[in-house]
Amino acid sequence: MIAGTFVRALPGWVLWLALTALVAASAGWGYTRGLSAEREARDDLAAEFAQFRAEVATQGRQAQARTAAEITRQETINAQTHTAYGVALDRLRALHAADRLRLAADTARAGGSAVPADTAAAGRTDAAAADAGPDPGGDAAAEAPGTLTERCQAATLQCVWLQHWIDEQSAVVP
């Protein structure tokens with residue numbers, strides 16, 4: 001009641017001025033609250049982005065570690081397969097050499113039947129062969145001079161170790 005009398009006693013322009021000041025204060029308060037909310041949202045977004053960057057960096061380091069481990073595993077497989085293939089090929093060559101020595105010793109046996117030796121080959125050929133056959137290709141054929149059987153055994157050994165290498169390389173490591 002006293003407030004109502006006081007308000008009526010004021011001139012009209014003061015009332016309008018007070019009302020305008022009240023609206024301006026409300027708008028200012030709302031504006032500052034909005035700025036505060038935007039700042040909080042921006043800070044939350046920055047925090048989420050920082051967390052995302054940290055997770056991505058961690059996953060990247062883990063992926064690099066897995067890749068380095070896989071490269072090391074494959075290099076180890078390469079080295080082991082190369083060594084094992086070399087040992088197997090050397091063993092095969094040693095067996096062939098021993099077999100050749102044994103065959104040479106058998107033909108020179110004293111007291112054996114006198115079978116005539118093969119005649120010497122012609123000095124030259126009249127023409128080139130019509131079909132020299134497919135190119136043997138691969139290292140095994142080039143590294144294994146000898147009979148067809150020996151070359152086939154070397155090529156087979158090479159294929160077996162190649163299959164082993166492929167199986168080992170394609171094995172999935174968890």
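Only the coordinates and a few stated rules stand behind these numbers; no lab work does. Source: prediction; values computed, not measured. We place every Cβ from the backbone using ideal geometry, glycine too, and count neighbours over all the protein chains shown.
The table that follows gives values for the structure above.
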{"read-out": "Cα→Cβ-extended label distance, 7 Å offset, between residue 27 and residue 152, nm", "value": "10.1"}
{"read-out": "Rounded to whole Å, sorted largest first: equivalent-ellipsoid semi-axes of the range 40-92, Cα gyration tensor", "value": "51, 4, 4"}
{"read-out": "Equivalent-ellipsoid semi-axes of the range 1-89, from the Cα gyration tensor, Å, largest first", "value": "82, 8, 4"}
{"read-out": "Segment residue 43-residue 94, length gained on full extension (0.36 nm per residue, minus Cα span)", "value": "10.8 nm"}
{"read-out": "Table column - 3J(HN,Hα) (Hz), the range 153-160, Karplus curve with 6.51, -1.76, 1.60, x for Gly and Pro", "value": "5, 5, 5, 5, 4, 4, 5, 4"}
